[in-house]
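*Asks:* Before I ask anything, let me first share the structure, which is written out below as structure tokens.
The values are calculated or read from the model by the stated rules, or taken from the named source; none is laboratory data. Just so we're clear, the structure is a prediction, and the values are computed from it rather than from any experiment. Note: ideal-geometry Cβ built from the backbone for every residue, glycine included; neighbour counts use all protein chains shown. Note: areas computed on protein heavy atoms with side chains; ligands, DNA, RNA excluded. Shrake-Rupley method; radii C 1.70, N 1.55, O 1.52, S 1.80 Å.
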Amino acid sequence: MSIILPVEHSTRTSPIPLVEIRRVRKSFGAHQVLRDVSLAVPAGTVTVLLGPSGSGKSTLLRCINHLETIDGGRIIVDGELIGYRQSGHNAHEMTPRQIARQRRGIGMVFQRFNLFPHMTALENIIEAPIGIAGRPRTQAKTRAKQLLDRVGLADFAAHYPAQLSGGQQQRVAIARALAMDPKLMLFDEPTSALDPELVGDVLDVMRELANDGMTMIVVTHEIGFARGVADQVVFMDGGVVVESGRPEDVLDGPQRQRTRNFLESVR
Ligand SMILES: Nc1ncnc2c1ncn2[C@@H]1O[C@H](COP(=O)(O)OP(=O)(O)OP(=O)(O)O)[C@@H](O)[C@H]1O
């Protein structure tokens, strides 16, 4: 694995929000999953989303990445409205092509690695840079090898997903997301499908990414990761943000009973 110099935790914090979520609402039929969610994620920081099953965490990530369309409110990533383009004071819906371009800047890692089973680790990583971003094959391969090295899998380029452990597959999935040079990485319970002994390697890669200054929003129940890496912890329940703040405040001195109950349940 390549050596990445640790950066002082506080120097990563910047006042400029890369992600602004304002009063976002989202329903599926009659079920209002996000009720009125507002959140700011400064550039170069890590936000951990905690909350019980069904609280709307995955839906929020999917809205940020425009995998779902919001019903109300707005999401701004790096100054751009998600799903809309600004023209003077008016916002117009984006075309599918414009949405695809916007999505390229946002990497997403899912609970289940979602690698193409018929492609090697390297082929999985170069697929989008070549097919979507139109990069030359040699350049994409060089970058993919660097990324495999970065996630500790330099010797596994020619392995197929079935030949890799779940943790290794998840690290390939992270490398694949990084191959598009995202400005934001979203992680949706990236370790919850892994055997416990494989969780640490994946969290280590994520910790190094954070130290490198990547802006990340992470849905996880890994309280140790939240405590050690997050700049901000957000507790969601019932489609609203119940409580948010520094990890030491939310995790060690939660103000709300709902937060306390949840933390009891995952400890
Ligand atoms: N496409 C969909 N159609 C209908 N209902 C959906 C859809 N996606 C999510 N939901 C519902 O929205 C609610 C919130 O789901 P979501 O996955 O966002 O919660 P979560 O906090 O991420 O929970 P979990 O930890 O279980 O993934 C759930 O009741 C879920 O069934």
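*Asks:* Keeping every protein chain in place, order M206, M94 by accessible area at 1.4 Å, biggest value first, i.e. largest first.
*Replies:* Result, largest first: M94, M206.
*Asks:* Find the centroid of the Cα atoms in region 27-84 and in region 215-255, then give the distance between the two in whole Å.
*Replies:* The distance from the Cα centre of region 27-84 to that of region 215-255 comes to 15 Å.
*Asks:* Which net charge results when you count Lys and Arg as +1 and Asp and Glu as -1 among the other residues whose beta-carbon is under 10 Å from that of P247?
*Replies:* -2
*Asks:* A follow-up question, please. Counting each DSSP H run of 4 or more residues in the chain as -39500 (n - 2.57), what helix-only mean residue ellipticity at 222 nm follows after dividing by all residues, to the nearest 500 deg cm²/dmol?
*Replies:* Roughly -10500 deg cm²/dmol at 222 nm, from the helical runs in the chain.
*Asks:* Would you mind getting the accessible area per residue of region 17-266, heavy atoms of the protein chains only, 1.4 Å probe, in Å²?
*Replies:* 44
*Asks:* Given the convex hull of the Cα atoms of the chain, what is a quarter of its surface area in nm²?
*Replies:* 15.1
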